[in-house]
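Accompanying notes for the structure given below.
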Amino acid sequence: MVEVFLNGKFLGESDDGDKLVENFLEERRKGKVDSSISISFNKESNQIFLESSQGRTLRPLIVVKNGKSLLSEKHIEQLEKNEIQFSDLVSQGVIEYVDASEEENTLVAFYSEDLTGKHTHLEILPLAMVGLCTSLVPFGNFNQSTRLNAGSKNQKQALGMYALNYLVRMDMDVNLLHTPQKPLVNTIMHEYSDYDKHPSGQNVVVAVLSYDGYNMEDAIIVNKGSIERGFARSTYYRPIISEELRYSGGLVDTINIPDKDVKGYKSEIDYRFLEEDGIIHPEAAVAEGDVIIGKTSPPRFLSSLDEYNITTSSRRETSISLKHGERGVVDFIMITENEEGNKLVQVRVRDQRIPEIGDKFTSRHGQKGVMGLIVPSADMPCSASGVVPDLLFNPHGIPSRMTIAHLIELIGGKVGSLGGRYVDGTAFNSETEVDIRKELLSYGFREDGSEVFYNGITGEKFTARIMVGNMYYLKLKHMVANKMHARARGPIQLLTRQPTEGRAKEGGLRLGEMEKDTFVAHGTSMLLKERFDSDRVAVPVCMKSGLVGYYDARKNKMMSPIYGEDSEMAYVELSYAFKLLLDELKSLGLCPRLKLEDKY
Amino acid sequence: MELDIKEYEGKLPPKMIEEIKGHLPAKTKKSDVKKIMERICEEYKSSQVEPGESVGIISAESIGEPSTQMTLNTFHFAGVQEMNVTLGLPRIIEIMDARKEIKTPMMQIYLKEPYCKGKDIKDLAQRIKENKVRDFIKEIIVELTDNKIDIKIDLQKLKSSETKDVVLVKTLAKSLKGYNVKIEKDILTIKSKAKSENPSDVYKLKEKIKNIYISGIKGVYQVLPVKRGEEFIIVTAGSNLKEIMKLDFVDKVRTLSNDLHEINAVLGIEAARASIINETYKVIENQGLNIDIRHIMLVADTMCFSGAVKGITRYGVVQQKSSILARASFETPIKHFIEASLIGEVDELNSVIENVMLNQPIPTGTGMPELYMKASK
């Protein structure tokens, strides 16, 4: 007896499991059962699982019967003439969708030549085993699978031509690569996905060698000349949005240049770019603090006092200005209205990003790294023929990661650039390494891609030959300009008087609990105190009651909360956070008293 | 020479003096002995921890950092040969918290001659094992009509554990008052003396019978004779050190348990301290980590110096702290503050955490010394 389950629920029993599966598959191929329902037979536990639930990944395979593929020449002919579609093949039962558990019961042939009687399915194309991004990795079948994963993940973060209508778009946080190129070594997926319409990298000359330790830990070294010629240059776009909101009582925001009597008025200099309508003009070079859209809002609360006070305006300043560390040029301004009919102003600011030390780059094989040094063209190592590489890649990145495809692409790219052609690197169906090497040899180079190299600084010849070639490199969206942050002094939080948190708020870098422990372990007591001085205060403490008092400026005296003037008071230096703790204890109904005594 | 060295007793640990005696040639000159001993004293002094060194934090960091790399697994040894033992981080936490109920209590029972050579080892193991009625049952038949429970006894099992059926009947009759217990061949019959009985009570009775203790040592629910090196020992799951120690064939000196509280109760606090060190070190070694044993010794000392085993929890070691702020900063601050305020406690701010909270220099390292000056007249 075989137990049958539908979506994990017991359905019933069957006498002949094999027959059931066979019949089911037949019916599904006929189209009587939906093609998305999968069946799998676990012979060990003698159970059949039917699955129709959401979220399973299905994969199309060509059905094989008696060692023969059901996809005939005729089908292909019809497909080419556009007489039938892919979906027709599915409904004819030539191609079926298989999920992960059903795959356990199949034997899939890679190529039609491999077919035997035992095979149940045939791959449409071996490349179809992997997804779109992964099939963009050239020679992917030579890589370790984890690297393939990393490689395809990295490609999603690459800068390029993300949309051809970018000029009229108001996307948040986008980057555009200035001179993107089509890869020299590509796969058929590049063709099918119109990669040349939205490329995302550049072909560069890569030499595999270390350089004074500046490419340790996966860092890369870039030729300054290449950067000056536009390598990896990009533009960063960010829209700044403001709208005129409506409040209860007929009050509205107004976008204009704020009057000087508005609450929170900045300084005239900050508003200098604004035109009469309160919006900045295009092509204004702005830096942090500059107002982009001037705006005023009605007062937050209508207190009784303000109602009689007609002389001064009670409106608030709510202009939008560039945040800390931002800069750019106003690119495009759009004035429109939103769904509720409020005036909506969008200003797009652009900022040119020339690659700098700390920007992240990657090849298509998960070999990512940050730029460690920019070397003047004259100091770069060069080949005997005078070729100066654009980029130096550290050979230590290869052995442990085993990205063989990285090396093959290097040689493939070299062949492509010498032969003036594109090299096919489709995984499982690429040009063979042997052919590529032979071709390289025919161009008068060593077949392993290595060349005699000279030290760019001393002019000496390197003892080892250096591997050089062309590779497709991608600039990733993680750029230091968006990330770097440090502070000595700056804003503090209202409640705790401790520094704010995060780069956006110009915050401090926290010395946490565990970091504190290291100071204690080292016995550096005073250093630890100094680190935690960020919220230091001197509070007046009543020596009679032990409670924290206050300073009365009118009387120029310290006051005890209980005894008033009739107590001896002393200033005690402690962290404001502790003063808060005392207050909190008071709210618990406890009375924490500080017993003061002379330190000496 | 003996006399020359004797002077240094008290300055150096006795064990070290013994070692020096063993290494010094007999005819060493008196002046040389003095030179050597002075040098050793100097060296000894310089290897001691300096005052103001934060040994606690250093120990905590030295144990805490490698612990993050431990696998959070209990290992399952395949097959019957070994038993499941809690290892890794869960076991470390168990030890440091001084849990009363540990996940896998275990004993390693060493045996005296000639048993340690393998004599009667299986029988001895069977004698130690706790036997309940359920261990001998083949089948239970509940007859609700006459409020009767028939139990089919596995006579072979009964025989191998050296329990006589008469004993079985007696113990059952003793713990089941108000019932008649009879045995006929392999059928044990239990019948209520009362005329009518609630059917659900009969089922309750059935469950009760299953768990009635018959023979062996309570708590030892699994035994396994194992060959360790040259000799045989008995490894048990479940621990009852007190009763095991009473057995005459057990080597009381070497027999081990992994239950800290039991060791403390049976052998005293020093043994408990030693077993904290051993058990912790065993886990660390097993994980392939390397922690200096002195860090673990410090932890064991703090757990045991009060005379009872106290875990590093808010009920154990942390509760002993004199500072309110230090206690409050560990766990459940509000509870600690309220309790402290009820009895009007005073925090003298003598330790590290309090001073960090108040932003005062901490009394370790450079915060220890204070400088006093005579005011000029």
Q: Would you mind getting me the FRET efficiency between B:Lys35 and B:Glu9? Use the beta-carbon distance for r and R0 = 22 Å, nearest 0.05.
A: 0.75
Q: Give me the accessible area per residue for region A:429-574, probe 1.4 Å, as a whole number in Å².
A: 62
Q. So, with +1 on the Cβ of K and R and -1 on the Cβ of D and E, and no other charges, what is the size of the charge dipole of region B:323-367 about its Cα centre, to the nearest 20 debye?
A. 100
Q. If amide H atoms are built 1.01 Å from N in the plane of the peptide, which residues on other chains or at least 5 residues away come under 5 Å of the amide H of A:Leu11?
A. A:Val4, A:Phe5, A:Leu6
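Return the value, in Å² to the nearest 100, of accessible area buried between chains A and B (probe 1.4 Å, both sides summed).
The buried area between A and B, both sides summed, comes to about 2000 Å².
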Q: Under 23 Å between C-alpha atoms is the cut-off here; go through region B:254-377 and count lysine pairs that meet it, provided they're at least eight residues apart or on different chains.
A: 4
Q) At a probe size of 1.4 Å, how large is the accessible area of A:Ser35, to the nearest 10 Å²? A) 40
Q: Quote the charge dipole size of the protein assembly as shown about the Cα centre in Debye, to the nearest 20; the model charges only the Cβ of Lys and Arg (+1) and of Asp and Glu (-1).
A: 3300
(Q) For chain A, what does the convex hull of the Cα positions come to per residue, in cubic angstrom? (A) 330
Q. Sorted by packing (mean other beta-carbon atoms within 10 Å per residue), highest first, where do B:367-377, A:158-168, B:18-28 land?
A. A:158-168, B:18-28, B:367-377
Q | Charge dipole of the protein assembly as shown about the Cα centre (unit charges at C-beta), most positive-ward option of B:Gln48, A:Met569, A:Asn143 | A | B:Gln48
Q.
Using a Debye calculation, one point per C-alpha and no hydration shell, please list log10 I(q)/I(0) for region B:2-47 at q = 0.25, 0.31 Å⁻¹ in order.
A. -0.95, -1.40
Q. When the Kirkwood radius is taken over all Cα pairs of chain B, what Stokes-Einstein diffusion coefficient follows at 20 °C and 1.002 mPa s, in µm²/s?
A. 81
Q | Euclidean distance of C-alpha centroids, region A:381-411 and region A:249-281, integer Å | A | 56
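On the protein heavy atoms, probe 1.4 angstrom, tell me the percent of accessible surface of region B:2-47 carried by carbon and sulfur. Please report the intermediate quantities before stating the final value.
Details: 2070 of 3810 Å².
Answer for region B:2-47: carbon and sulfur cover 54 percent of the accessible area.
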Q | Whole-number accessible area per residue in Å² for chain B, which is evaluated in the context of all protein chains at 1.4 Å | A | 61
Q | Buried on assembly, region B:46-67 (at least 50 Å² less accessible surface than by itself, 1.4 Å probe) | A | B:Ile57, B:Glu61
Q: Arrange the peptides B:51-57, A:348-354, A:65-71, A:137-143 so that the one whose residues have, on average, the most other Cβ atoms within 10 Å appears first.
A: A:137-143, A:348-354, B:51-57, A:65-71
Q | Degrees separating the helix A:513-522 axis from the principal Cα axis of chain A, which is the longest one | A | 80
Q: Pop out the carbon and sulfur fraction of the accessible area of region B:188-293 as a percent, whole number, probe 1.4 Å.
A: 51
Q | Paramagnetic reach from B:Leu247 in region B:207-221 [backbone N under 15 Å; point 7 Å along Cα→Cβ] | A | B:215-221
**Q.** Alpha-carbon centroid distance for the pair region A:209-239 / region A:54-91, whole angstrom
**A.** 47
Q) Cross-link partners among lysines for A:Lys595, C-alpha distance below 18 Å, same-chain residues fewer than 8 apart left out? A) A:Lys544, A:Lys579, A:Lys586
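Using the Cα centre as the reference, give the magnitude of the dipole from point charges on the C-beta atoms of region A:1-121 (Lys, Arg: +1; Asp, Glu: -1; all else neutral), rounded to the nearest 20 debye.
Numbers: 14 positive and 23 negative charges, 37 e Å.
It comes to approximately 180 debye.
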Q. Which residues of region A:563-584 end up with at least 30 Å² less accessible area in the presence of all protein chains than when their chain stands alone, using a 1.4 Å probe?
A. A:Ser575, A:Phe578, A:Leu581
(Q) Just to verify a number: what accessible area does A:Leu184 come out at with the full protein assembly present, 1.4 Å probe, Å² rounded to tens? (A) 30
(Q) What does the charge count around A:Tyr247 come to, taking other residues whose C-beta lies under 11 Å from its C-beta (Lys +1, Arg +1, Asp -1, Glu -1)? (A) 0
Q: Calculate the mean, over all residues of peptide B:362-370, of how many other protein chain Cβ atoms lie within 10 angstrom of the residue's Cβ.
A: 5
Q: Using a cut-off of 10 Å between beta-carbons, work out the net charge of the residues near B:Asn180 (Lys and Arg +1, Asp and Glu -1, B:Asn180 not included).
A: +4
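Summing Lys, Arg as +1 and Asp, Glu as -1, what charge do residues with Cβ under 12 Å from the Cβ of A:Tyr265 carry, A:Tyr265 excluded?
0
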Q: For region B:131-215, go through all pairs of different Cα atoms, get the mean of 1/r, take its inverse, and jot down that Kirkwood value in Å.
A: 12.8
Q: Rank A:Pro355, A:Ala427, A:Ser545 by how far each Cα sits towards the positive end of the charge dipole of the protein assembly as shown (+1 on Lys, Arg Cβ; -1 on Asp, Glu Cβ) and give me just the farthest.
A: A:Ser545
**Q.** Charge dipole of chain A about the Cα centre (unit charges at C-beta), most positive-ward option of A:His485, A:Gly31, A:Cys133
**A.** A:His485
Q | In region A:225-285, the trypsin sites (Lys or Arg not before Pro) that fall in loop regions by DSSP, at most 16 other Cβ within 10 Å | A | A:Arg229, A:Lys260, A:Lys266, A:Arg272
**Q.** Accessible surface, per residue, of region A:2-124 when the full set of protein chains is kept, probe 1.4 Å, Å²
**A.** 61
Q) Karplus couplings for region B:240-252 from phi (6.51 cos²θ - 1.76 cosθ + 1.60, θ = phi - 60°), rounded to Hz, Gly and Pro as x? A) 8, 4, 4, 6, 4, 5, 6, 6, 7, 8, 8, 7, 5
Q: Before rounding to the nearest 500, sum -39500 (n - 2.57) across all DSSP H runs of length at least 4 in chain B and divide by the residue total; then give [θ] at 222 nm in deg cm²/dmol.
A: -12000 deg cm²/dmol
Q.
Going by average Cβ density within 10 Å per residue, which order do the peptides B:124-135, B:150-161, A:105-116 take, highest to lowest?
A. B:124-135, B:150-161, A:105-116
Q: Order the following by accessible area, largest value first: A:Leu322, A:Leu495. Probe radius 1.4 Å; ligands, DNA and RNA are ignored.
A: A:Leu495, A:Leu322
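The values are calculated or read from the model by the stated rules, or taken from the named source; none is laboratory data. Since we're looking at a predicted model, the values are computed, not measured. Here Cβ is always computed from backbone atoms with ideal geometry, including for glycine, and neighbour counts include all displayed protein chains. Side chains are part of the model used for accessible areas, which takes the heavy atoms of the whole protein and leaves out ligands, DNA and RNA. Shrake-Rupley method; radii C 1.70, N 1.55, O 1.52, S 1.80 Å.
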